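Student: Mind having a look at this structure? Questions to follow.
The values are calculated or read from the model by the stated rules, or taken from the named source; none is laboratory data. Predicted, not measured: the structure shown is a model, and the values here were computed from it. Every residue, glycine among them, receives a Cβ derived from its backbone with ideal geometry; neighbour counts consider all protein chains shown.
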Ligand SMILES: [Zn+2]
Ligand SMILES: [Zn+2]
């Protein structure tokens, strides 16, 4: 038995992947729609153009997801 050369004895490694992150739309406060100007009519809501009606907008920084990949050479033991 010696230290696994593939994972350097760690038994695996972290794989970083990125996926889009979202925040509440500042234009509509998360409602997805905005009131049209000064109208008392409740039907005057239109879909928010900032978030296209979803209430959320994508952040400029994607979310980083860490996934532990178990070394297949030593099956996570770190020893070869
Ligand atoms: Zn919005
Ligand atoms: Zn290994």
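Student: Please go through (1) modelled with pLDDT under 95; (2) touching a strand residue (DSSP E or B) at 6+ places or on another chain (Cβ under 9 Å) for residue 16 and return the number of the only condition it doesn't satisfy.
Tutor: (1)
Student: Which one is surrounded by the fewest Cβ atoms within 10 Å (Cβ to Cβ), of the residues in the stretch 54-80 that are modelled with pLDDT of 95 or more, more than 19 Å from the chain's Cα centre (by Cα) and part of a loop (DSSP other than H, G, I, E, B)?
Tutor: 72
Student: Mind checking which residues of the stretch 11-26 are in a loop (DSSP other than H, G, I, E, B) and surrounded by 15 or more Cβ atoms within 10 Å (Cβ to Cβ)? Full working, then the answer.
Tutor: Here is the first cut: in the stretch 11-26, the residues in a loop (DSSP other than H, G, I, E, B) are 11, 20-21, 25-26.
11, 25 - these are the residues of the stretch 11-26 that are in a loop (DSSP other than H, G, I, E, B) and surrounded by 15 or more Cβ atoms within 10 Å (Cβ to Cβ).
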